[in-house]
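The values are calculated or read from the model by the stated rules, or taken from the named source; none is laboratory data. All values derive from a computational prediction rather than experimental measurement. Every residue, glycine among them, receives a Cβ derived from its backbone with ideal geometry; neighbour counts consider all protein chains shown.
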Amino acid sequence: MSFFGSLGFEHGQGLFEHLPDHQFWMKDRRGRYLYVNSAFLNNYNLARIEDVLGRTDYDLSPRHLADRFVEDDRRVLEKGGSLINHVELVGRFDGTIAWFATSKLPLKNREGLIVGTTGMTRELKGRHVSESLYGDLGTVIVYMRDHLADPIRDEDLARLANLSISAFQRRFRRFFKMTPNHYLKQLRVAHCREALLGSR
C-alpha cells in the first residue's frame, strides 16, 4: 500500500496544487519530506517533487532556520498537538528570507498512530497582517518591526496597546510565551540574519 493509501489520502493531495500562495508538505518522523506541493517546489526553485522527496530541512535551508523547523516538528511529534499561525522566517532559493505564518499538525495513519508531521505556510504581506494575527497587540508588533534600530521601552509599547505596563507585560507573555524584551531581541537577530543572507 502506498504512503497516501495508508492515510486514506489517495486523491486528496491534488487539492493542495490549487493553493499557489500556500506551501504544503508532509514529513515522516525523521523529518524527511514525503510530499510537497508546487508552491513549495517554486519556493526552493525545484523542478520536480522527486527533487525533494527523502530530503530534510537541512538540505533545503540554512542551519539556523532548519534548527527551528526541526524543533517545531519535535514539539508536534512528542505532544501530538498543533502549531497554528506561528510567525517565522522562511528562506527562499535565492538566499532571501521573508516572514511566513506556519501551521503544523501531527500526521496520523488509520490506526491513529503519529507517523510524521504535515504543515502549510503562507507569506505575510502588508501591515494589516500583524494586526489581524495578534489582535490588540498587532500595533505593538508592527511598531517593533518598523523601529528595530531604535530604543524601545515597555512603557512605549504599553501606551500603543492602550494598556498599563503590568497588564501589557502579562498579555504579551501569555500570547508569545516570552517577555517583550526577549521577543524584541529575537526579532533583531532574525532581521540581522535576513540582512546578511539577502545582501553581499
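Some notes on this structure:
- Taking the stretch 1-84 as the region of interest, the helices (runs of 4 or more DSSP H) fully inside it that hold 1 or more residues being farther than 12 Å from Gly116 by Cα and at pLDDT 85 or above are 38-43, 57-60, 63-79.
- Members of the stretch 166-178 that are under 13 Å from Leu137 (Cα atoms) and either surrounded by fewer than 17 Cβ atoms within 10 Å (Cβ to Cβ) or not basic (Lys, Arg) (or both): Ala167, Phe168, Gln169, Arg170, Phe172, Arg173, Arg174, Phe175, Phe176
- Residue count for the stretch 71-107, restricted to those that are free of Cβ contacts under 8 Å to residues at least 40 places away in the same chain, closer than 11 Å to Arg29 by Cα and not acidic (Asp, Glu): 2.
- Count of the stretch 59-70 residues which are over 13 Å from the mean Cα position of the chain (by Cα) and free of Cβ contacts under 8 Å to residues at least 12 places away in the same chain: 2
- Filter result for Leu160 (surrounded by 14 or more Cβ atoms within 10 Å (Cβ to Cβ) and modelled with pLDDT under 80): no
- Scan of the stretch 93-145 for residues that are modelled with pLDDT under 85 and among the acidic types (Asp, Glu), ordered by number: Asp94, Glu123, Glu131, Asp136
- Candidate set: the stretch 16-58, residues that are free of Cβ contacts under 8 Å to residues at least 24 places away in the same chain and small (Gly, Ala, Ser); chosen: the one surrounded by the most Cβ atoms within 10 Å (Cβ to Cβ): Ala39
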